[in-house]
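The structure under discussion appears below in the form of structure tokens.
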Amino acid sequence: MNEPYHTRLRHMRRVAGLTQDDVAAVLGAGGRSYVAMLESGDRIPHVRDSVLLSMLFSTDEADLFPRLYS
């Protein structure tokens, strides 16, 4: 998969009032660059991160990353 995929992560994060740094802290990521890559579709999330994000935003993984789960 070379082309970016559609992600709703940025929208969900903004609705929740969280920063990329906030989400990176939840994921245990070193910084916001990983979250930025997830939001832009430049990086596919690890399964663990997908589950954590779905719990954080009270949704399922398919809602956050629809193309990955279609």
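Residue count for the range 29-70 under the criterion of being open to solvent by 20 Å² or more (accessible area, probe 1.4 Å), of a type outside the set (Phe, Trp, Tyr), free of Cβ contacts under 8 Å to residues at least 24 places away in the same chain and farther than 13 Å from Thr7 by Cα: the result is 11.
Results for (1) assigned to a helix (DSSP H, G or I); (2) out of contact with any His (no Cβ under 8 Å at 6 or more places or on another chain), shown as yes or no for each residue.
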residue: Asp22; (1), (2): yes, yes
residue: Glu39; (1), (2): yes, yes
residue: Arg43; (1), (2): no, yes
residue: Val51; (1), (2): yes, yes
residue: Met55; (1), (2): yes, yes
residue: Pro66; (1), (2): no, no
residue: Tyr69; (1), (2): no, yes
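The values are calculated or read from the model by the stated rules, or taken from the named source; none is laboratory data. Keep in mind the model is a prediction, meaning the values are calculated, not measured. In this analysis, Cβ positions are derived from the backbone assuming ideal geometry, glycine residues included, and neighbour counts consider all displayed protein chains. All accessible areas refer to the heavy atoms of the entire protein, side chains included, with ligands and DNA or RNA removed. Shrake-Rupley method; radii C 1.70, N 1.55, O 1.52, S 1.80 Å.
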